[in-house]
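Notes follow once the structure below has been shown.
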Amino acid sequence: MSVFKRVAWTGTAKSEAYSGNTDADTLNGMGGADTLKGLAGGDDLYGGNGRDVLYGGAGDDFIGGDKGGDRLFGGTGSDRIYVSGLDTATGGAGADQFVILDPGNGGGDKSDLGTVIIRDFDAVGADKDLLDLGVFGYNSGVRWQQRDKGLDDNFEIVRQGDDTILRLKGETGTIVTVVIEDVLPGQLTEDHFFFVTEKQRSAFESANWTGTAKSEKKSGGVDGDSFDGKGGSDTLYGNGGQDNLRGGTGNDKLFGGAARDYLMGDKGADTLFGGGGNDRIYLSGGDVGVGGGGVDDFVVTDVDLGSPEFLDKGVLTVRDFATTGPAQDHLEMGAFGFRGVRWQHRDKGMEDGFEMFANGSDVVLRLECEEGTIIKVVLEDTKIGELKSDHFVFVFPSKAAESASRAESANWTGTAKAESKTGTAKADFFDGKGGNDTLKGMDGNDNLRGGKGADVVFGGAGSDRLYVSGGDTATGGSGADYFILWNAGMQPEVADPGVCVVRDFQTDGAKHDKVELTMFSGITWAHRDKGLDDGFEIVAQGSDTLIRLKGANGVISAIRLLDVSKAELTADHFEWPFV
């Protein structure tokens, strides 16, 4: 492997040793007692289960040992090191952050009970280190002023010889002990700690954040977060919960963390790491996808059909496509399947728009897009003989649809599975039901309902009606489109709470788009600036606008209009309820 190639590596259940290079690397040891070295660059090192040794090296590194008594070395740079019982951490030069995990809540599958040892905590100087106790602040209400009251208030700081001992009680009563070597309690101040205050608590639970044109870093909390990096080369960490991470333009790094996450890099050469859980990772040219644990779906998009401002042409890479064992991954190519691409075409060259062949230790797929663009998918370290049709998701039209002209309109109802469906030149009605579906109306005045799940809905040409709820992403296309927001509290069987994203809301002209709110009641344009006291608010968020509604049972539903300012909206951009 060339030392100039950025490394993303995933190990096995065995004990292994691996070194990165001078770029920013992503190394995931998985099982076994691994030794991982990031060397130079801002690296991301995950030990996985087992007694691992992790070296960040130069650069601002992200280091997590996970379960097992690990030895963690940050090296030079301002590193962020996640520790739990039995771990020993050395930050090295730079202003480092030591994040203490609570094994009793939020970190149990990634951490251990016992004693953490920090070898070189820098309490003085310009590069002072930090102890991040945010999870205890959230779970147990830990604050600086409680440090002298024993464990009655879940937190104490005491002296032991030349060292400082921190004892923390987690939400379920588990005790975590932290030994800070060669530092006395009198040398520590509140500035050496991060707690979650009451004001920060709601943001820690679940965050919606939009970045800027700059390169930024953002970390989520224990619940599901929704981050949009916008411009710049961003680094986004979802951490706990089901996260929705979107990089925006630039060469971004997205880390889902635990649970099922949805990652989309957009423009640029992005690295998307799912982590634990069954993740859904959207890829285009230049991207690198690393699923991590779980059954992951890697979604390959037809760049000729998608929006060029969000997609790149070229080669995309999957580092750890799992073909064996209980957690096997999928490559979703629904847009290509609609045009007739099937598993049996893989050995016929590009005659049918799809071919697959071995290239050294890798497998290469070539796919022809709608307008002739060729994209290439590389499955690294994959044996072609282990790939089966079950690893691929195509669109399989019904027999009637196979024989019908594409110009005929279509009525289609999905299932609980994740499915893709593309419409015709006439008015189509699609109901995705459950699953994370991709629906494309194409021409005609279409009615598209994603249903439950994180759906992607494209209206295409014509005046379309797109039914959306939390987790969905909608693009109206040309024509005066309606985006109908479900009341998730009233209709939980068809809708999800949370935020839907609309990519191309048109505010200008006589045939502008509209947000339809007829499934809610008692709201008017006059309520927009009063918070949620009246059940409805419109909030500016950077270059976007967020519309939030309190529905039945207090459930919040929201819709984000990308690149639309609050000042552009009038009452005419909404369809209001009758009462």
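The values are calculated or read from the model by the stated rules, or taken from the named source; none is laboratory data. These numbers were taken from a predicted model, which means no experiment stands behind them. Note: ideal-geometry Cβ built from the backbone for every residue, glycine included; neighbour counts use all protein chains shown.
Does segment 334-373 hold any residues that are out of contact with any Gly (no Cβ under 9 Å at 6 or more places or on another chain) and assigned to a helix (DSSP H, G or I), and which are they?
Once the filter is applied, which keeps residues that are out of contact with any Gly (no Cβ under 9 Å at 6 or more places or on another chain) and assigned to a helix (DSSP H, G or I), segment 334-373 yields Gly334, Gly337, Phe338, Trp343, Gln344.
Which residues, counting only those in segment 480-512, are among the small types (Gly, Ala, Ser) and at pLDDT 90 or above? Walk me through how you get there before you give the answer.
Going through segment 480-512, the residues among the small types (Gly, Ala, Ser) turn out to be 480, 488-489, 495, 498, 509-510.
If the condition is that a residue be among the small types (Gly, Ala, Ser) and at pLDDT 90 or above, then Ala480, Gly498 are the ones that fit.
Condition first: crowded, with 24+ Cβ neighbours inside 10 Å and charged (D, E, K, R). Now tell me which residues in segment 264-279 satisfy that. Break it down stepwise before answering.
We begin by selecting, within segment 264-279, every residue crowded, with 24+ Cβ neighbours inside 10 Å; these are 264-265, 270-275, 279.
Answer for segment 264-279, where residues must be crowded, with 24+ Cβ neighbours inside 10 Å and charged (D, E, K, R): Asp270, Asp279.
Go over the candidates Gln491, Gln506 one by one and state the one that is in contact with a His (Cβ under 9 Å, 6 or more places away or on another chain), in the same structural domain as Leu439 (by TED's automatic domain parsing) and touching a residue at least 12 places away in the same chain (Cβ under 8 Å). Spell out how you get there, then give the answer.
Numbers: Gln491 fails: in contact with a His (Cβ under 9 Å, 6 or more places away or on another chain).
Residue meeting the stated conditions: Gln506.
If you go through segment 540-577 one residue at a time, how many are surrounded by fewer than 18 Cβ atoms within 10 Å (Cβ to Cβ) and under 22 Å from the mean Cα position of the chain (by Cα)?
5
List the pairs whose first member sits in segment 536-562 and is free of Cβ contacts under 8 Å to residues at least 24 places away in the same chain and not assigned by TED's automatic domain parsing to the domain that holds Phe483, whose second member is polar (S, T, N, Q) and crowded, with 22+ Cβ neighbours inside 10 Å, and whose Cβ atoms are under 9 Å apart, counting only residues at least 6 apart or on separate chains?
Going by the 9 Å Cβ cut-off, there are no qualifying pairs.
Would a scan of segment 131-154 turn up a residue that is closer than 14 Å to Gln187 by Cβ and modelled with pLDDT of 90 or more?
To start, the set of residues in segment 131-154 that are closer than 14 Å to Gln187 by Cβ comprises 131, 147.
Add one more test, that the residue is modelled with pLDDT of 90 or more, and what stays is 131.
The answer is yes; a qualifying residue exists.
With Gly69, Gly42 as the choices, which residue is in the same structural domain as Pro103 (by TED's automatic domain parsing), crowded, with 20+ Cβ neighbours inside 10 Å and not hydroxyl-bearing (Ser, Thr, Tyr)?
Working: Gly69 fails: crowded, with 20+ Cβ neighbours inside 10 Å.
None of the others qualify; the one that does is Gly42.
Taking strands (runs of 3 or more DSSP E) that do not extend beyond segment 477-539, which have at least 3 residues that are surrounded by 17 or more Cβ atoms within 10 Å (Cβ to Cβ) and of a type outside the set (Val, Ile, Thr)? Quick ask: steps written out before the conclusion?
Details: elements: 482-485, 498-502, 514-516.
Because the criterion is at least 3 residues that are surrounded by 17 or more Cβ atoms within 10 Å (Cβ to Cβ) and of a type outside the set (Val, Ile, Thr), the strands (runs of 3 or more DSSP E) in segment 477-539 that meet it are 482-485.
Kindly provide the set of residues from segment 70-90 that are under 27 Å from the mean Cα position of the chain (by Cα) and at positive phi, ordered by number.
Gly77
Looking only at segment 555-579, how many residues end up being assigned to a helix (DSSP H, G or I) and under 19 Å from Val468 (Cα atoms)?
Going residue by residue through segment 555-579, those that are assigned to a helix (DSSP H, G or I) are 566-568, 571-573.
Restricting the remaining residues to those that are under 19 Å from Val468 (Cα atoms) gives 573.
Of the residues in segment 555-579, 1 are assigned to a helix (DSSP H, G or I) and under 19 Å from Val468 (Cα atoms).
Looking only at segment 374-397, which residues are aliphatic (A, V, I, L, M) and part of a strand (DSSP E or B)? Reasoning before the result, please.
Here is the first cut: in segment 374-397, the residues aliphatic (A, V, I, L, M) are 374-375, 377-379, 384, 387, 393, 395.
Ile374, Ile375, Val377, Val378, Leu379, Val393 - these are the residues of segment 374-397 that are aliphatic (A, V, I, L, M) and part of a strand (DSSP E or B).
What's the number of the only condition in (1) more than 23 Å from the chain's Cα centre (by Cα); (2) crowded, with 17+ Cβ neighbours inside 10 Å; (3) modelled with pLDDT under 75 that Leu188 fails to meet?
(3)
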